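> Dropping the structure in here first, questions after.
The values are calculated or read from the model by the stated rules, or taken from the named source; none is laboratory data. Because the structure is a prediction, the values reported are computed rather than measured. FYI the Cβ positions are ideal-geometry reconstructions off the backbone, even for glycines, and counts take in every protein chain you see.
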Amino acid sequence: MHPKAVTILRLFRTKDGYISGQHFSRELGVSRTAIWKHISALRNDGYLIEAVPSRGYRLVSSPDSIDPDEVRAQLKSTRVGRRLEFLKATASTNVDAFRLAEEGAVEGTVVLADAQSGGKGRRGRVWASPAGVNLYCSIVLRPAIMPHEAPQLTFLSAVAAARAIEQTTHLIPEIKWPNDLLVSGKKVAGLLNEMSAETDGINFVILGIGVNLNMTAAQLPVDLRHPATSLFLEAGSRVDRSRFTGTMLNELDRLYEEFLAHGFGPVREEWQRRCNASGRQVLVSDSGTDCTGGRFIGIDSDGAMLLRSDDNILHRITCGDVRVI
Ligand code: BTN
């Protein structure tokens, strides 16, 4: 896409309603005829742009593809998205981001893909990643923290994805420990962190984020124990994938800046507020067998769950499935 067309999209994002040809022409330093040509090119790319004489142009809708230029046009971030790699298809964006990070990719590098053939889930599971519907992205971060603190970063991505869901739909997602996002009790997003570390510090962390945006019921994976859904199925209307991606990356950037400045505290607080189990009685099971019960107190500084059982003992739990009772 032509850089001037990217600027046009950026200007549309800053203002609801019409923008005059004269305003565009002044902002971009080109003639109104040139603006008209860029608008025509955007229309050819699937943007619906209304033109009304004496009022100007209005962006009515964007194409339902993840368009890296469209994502770039939305970014207000300082770090996250500094470099953006878009792939039509790949095995796994986490694998790509890991390789780029090993080659020295700058902090904030984002790998986005339209489809994944080997999407990786937690605990060796497969993450269903069909083309044209969802968000699959991986972000390279290089914070100066110790390896045991790295899990804290997954909580940032959970909160960023939750905020993006709220800003782009009317849905209020819940977080399920350790880091699933649920709508109506079904999973809409999953997060997978990977890291490269030495004993005295980390080299980089990859934040992998998958969000089921516009998947139809037929495309959902069948898992009776962990049912999945998509924002489209829950909200009843399609989500603009580029807008969702831009919103989420901006939120992640904000949270990461806060994390670097003030540590894990503020994120932990918001995460706990959003967690479906906070303050409630839960049962934790491992491989289908219930093993620990108690009140969910919150998360520890390494992301472990803190449970207080009826005999007043505080338990730290690092893996298992949580059920609110
Ligand atoms: C989970 O099992 O809940 C984690 C799923 C994580 C999926 C995302 S999609 C983008 C990134 N690339 C991958 O291969 N996995 C993560």
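> Could you tell me which of the residues G246, G210, G185 is buried (at least 17 other Cβ atoms within 10 Å of the Cβ) and farther than 14 Å from T168 by Cβ?
On inspection, the qualifying residue turns out to be G210.
> Do you know which of the residues in region 114-134 that are near the ligand (Cβ under 9 Å from one of its atoms) and either part of a helix (DSSP H, G or I) or small (G, A, S) (or both) is nearest to T216 (Cα to Cα)?
Looking at the filtered set, the residue picked out is S129.
> Further question on the same structure: Could you please let me know if S157 is within 16 Å of the chain's Cα centre (by Cα), assigned to a loop (DSSP other than H, G, I, E, B) and within 14 Å of the ligand (Cβ to nearest atom)?
Answer is no for this residue.
> For region 48-62, what are the residues that are out of contact with any helix residue (DSSP H, G or I) (no Cβ under 8 Å at 6 or more places or on another chain) and either buried (at least 19 other Cβ atoms within 10 Å of the Cβ) or part of a loop (DSSP other than H, G, I, E, B) (or both)?
P53, S54, R55
> Is it true that some residue in region 16-29 is within 14 Å of R58 (Cα to Cα) and at pLDDT below 90?
There is at least one residue in region 16-29 that is within 14 Å of R58 (Cα to Cα) and at pLDDT below 90.
> Strands (runs of 3 or more DSSP E) wholly in region 169-226 with at least 2 residues that are of a type in the set (A, V, I, L, M) - which ones?
Because the criterion is at least 2 residues that are of a type in the set (A, V, I, L, M), the strands (runs of 3 or more DSSP E) in region 169-226 that meet it are 180-183, 186-198, 201-211.
> Moving to a separate point now. Looking only at residues that are among the β-branched types (V, I, T) and in a strand (DSSP E or B) in region 91-113, which one is farthest from the ligand (Cβ to nearest atom)?
Step one: of region 91-113, the residues among the β-branched types (V, I, T) are 93, 95, 106, 109-111.
Among the residues that remain, those that are also in a strand (DSSP E or B) are: 110-111.
Working: V110: 11, V111: 8 Å.
Out of the qualifying residues, it is V110.
> OK, next. Of all residues in region 236-280, count the ones that are part of a helix (DSSP H, G or I), over 16 Å from the mean Cα position of the chain (by Cα) and among the aromatic types (F, W, Y).
1
> Among the numbered conditions (1) crowded, with 21+ Cβ neighbours inside 10 Å; (2) within 16 Å of the ligand (Cβ to nearest atom), tell me where F24 comes up short.
Against the list (1) crowded, with 21+ Cβ neighbours inside 10 Å; (2) within 16 Å of the ligand (Cβ to nearest atom), F24 comes up short only on (2).
> Right, another one. So which residues in region 170-180 are closer than 10 Å to L231 by Cβ and either crowded, with 20+ Cβ neighbours inside 10 Å or in contact with a Pro (Cβ under 9 Å, 6 or more places away or on another chain) (or both), if there are any at all?
P173, the sole residue that qualifies.
> Can I ask one more? Can L141 be described as modelled with pLDDT of 95 or more and more than 19 Å from V322 (Cα to Cα)?
yes
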